[in-house]
Structure formats: C-alpha cells, structure tokens
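In what follows, a single structure is set out as structure tokens and then discussed.
The values are calculated or read from the model by the stated rules, or taken from the named source; none is laboratory data. Keep in mind it's a predicted model, so treat the numbers as computed, not measured. Cβ atoms come from the backbone with ideal geometry, glycine included; neighbour counts cover every protein chain shown. Just the protein is used for accessible areas: all its heavy atoms, side chains included, with ligands, DNA and RNA removed. Shrake-Rupley method; radii C 1.70, N 1.55, O 1.52, S 1.80 Å.
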Amino acid sequence: HDGILLPIFIFDNSTVYGSDIKSKLSSSRKCGPRRALFILEAVADLRQNLERCGSGLIIKVGKPETILGEIAQQIVSTSSSFVNIVCQEEICSEELYINEAVSSHLNSKGIKFKLHSISGSTLYDPNTLPFDRGVNGIPDTFSPFRKEVEKHCKIGLPLGIPIDDRLKLPHNTHNVLKEIGCSLDDDYMPTLTDLGYNTKDIESVSTVDPRSAMPKGYRGGETFALLRVKEYIWDLDLIQTYIDTRNNMVGANYST
C-alpha cells in the first residue's frame, strides 16, 4: 500500500512493568526484574535489526492508549491520514482491556483509525484445534492436549521475512516524526529504574543466577536466540539427550 509501516514498542509501566505492579487476580508481580531486563535487551536487538533494514523503532514508556493516541493524532493532523494500528491478538482479559482502552481513547479524540489484531503467540492455529469447544475445550492437563494436536493438527509454516524495501521508511519520515515529538534517530532505551523497579530488584539482576543453564553472555533478542538454536541443535546435538535431561531435572525438583 501507499502508507508506511512505523514500528512502535511501548513499555506499559502502568499495568505490566515495575516492582509494585501486580496481577488483579493474584498477588504475584506481572513482570519480574530479570524478565524485564530480558525484554529490554530483546527490544534493543529488534531496533538494531530494523535499522539495518532502513527502518527503526520508536520506544516509549507509559500507557499504550495515551502514547498511541498522541502519535496517531499528530500523524492525522499533519497528513490527514487514516491510521491502521496493528498489534498481536490477545486472549486474556487484562490484555484485551488494554486493546479496548486504545480504541476508546482514539475514538474520543475523533481519530480515523482501525485496530487490527493478528494471531501470533501460539504454535498451533486456535481455529484448527480438534476440541468440541475449540480453545474453551482444551484439556486441563498437557498429555491429552499433546496427543490430540499431534494426531490432528499441523504446525503452520512461518510467514516470509519482509524484504528490506517493504520495511524501509521514506527519507522525510524522520523529519515528520520529529515534528510530532518522536524520533527514530534517538538512542533512548529505558532502564529498569525508568520502568519502575526498586533498588533491591535492580541489584538482584546485576549478576547471573548460578542455577542458569544458559551460556556466558546470554542476552535477550533474536540475534542471540538464533545463535543459541544453532549451538543447541546443530553444534552440540543436545536434542538427542533432551528427554533424559528433562527427566533428571524434574526428578531433582521433586526431590527438593
């Protein structure tokens, strides 16, 4: 299409990140500091990979509805464009509530937009599950689920990687973004402090957990993940001993 694809990642420190952010259904934290650090590393890697394609990544901290509303409003006011917002399809109540908040906020601003949600977080397509009630009919334990999907379902092929020309942003995009308070030239990356984690939590991830089985220098992100897959499957051929390793770990956990 004639429009441009503008990648945006928002760290929602009102409902996800931070030492004091907990689930509404339990007292557990939504995202611990070590997981948050992993995501920070992954987002930094994503930005670098997008930049190599001639694109970039806007990174913000705050409420998604507020940030997307501000960006969409400025884009519409400068170019009278119709805004398409694309995000991953969610199934849990708190995430669905955020999607609703985004739509409500943009509607309240009179912004012409459409919110597209795309399935991408499951190995199997939910529409192909072999249970009478689909997703709602999934067995309570794993083994019955595994046996049925292995018998009746196929894992879909991944989508093709977009060519760089489809991702590359027009030259004037950077100037337009600066006018609306965003910049793809900005090296800003939030810290754990910016996300709302306290000193104790930050100190807890300053060293590698001695129980970690990951190799030295392990980081979040596609770049390291692909190297790890190559090492695990092809270089070390560890799949052949996976079942024994898993069973030993389960036995160790039970014994403790």
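Of note:
- For the chain, share of DSSP beta bridges that run antiparallel, in % to the nearest 5: 10 percent
- Global form of the stretch 1-113, assessed from the alpha-carbon gyration tensor, a/c cut-off 1.5: oblate
- Theoretical gain in end-to-end length, ASN136 to ARG246 [0.36 nm per residue, Cα-Cα removed]: 36.7 nm
- Nearby aspartates and glutamates by direct alpha-carbon distance to LYS63 (threshold 13 angstrom, same-chain neighbours under 8 apart not counted): ASP12, GLU95, GLU100
- Counting charges near SER117 (Lys, Arg +1; Asp, Glu -1) among other residues having Cβ under 12 Å from its Cβ returns a value of -3.
- Taken over the alpha carbons of the chain as equal point scatterers, the Debye sum produces base-10 log I(q)/I(0) values at 0.12, 0.15 Å⁻¹ of -1.01, -1.48.
- Solvent-accessible area of the chain (1.4 angstrom probe, protein heavy atoms only): carbon and sulfur portion equals 54 percent.
- Cross-link partners of LYS147 among aspartates and glutamates (Cα-Cα below 12 Å; sequence separation of 8 or more within a chain): none
- Per-pair calculated FRET efficiency, R0 = 22 Å: LEU227 and LYS22 via Cβ, rounded to 0.05: 0.05
- For the chain, adding -39500 (n - 2.57) for each run of n ≥ 4 DSSP H residues and dividing by the number of residues yields -12000 deg cm²/dmol at 222 nm.
- Normalised radius of gyration (Cα atoms, divided by 2.2 N^0.38 Å) for the stretch 68-171: 1.47.
- Build a GNM of the chain with springs between Cα atoms under 10 Å apart, and of GLY32, GLY69, GLY217 the one that fluctuates most is GLY217.
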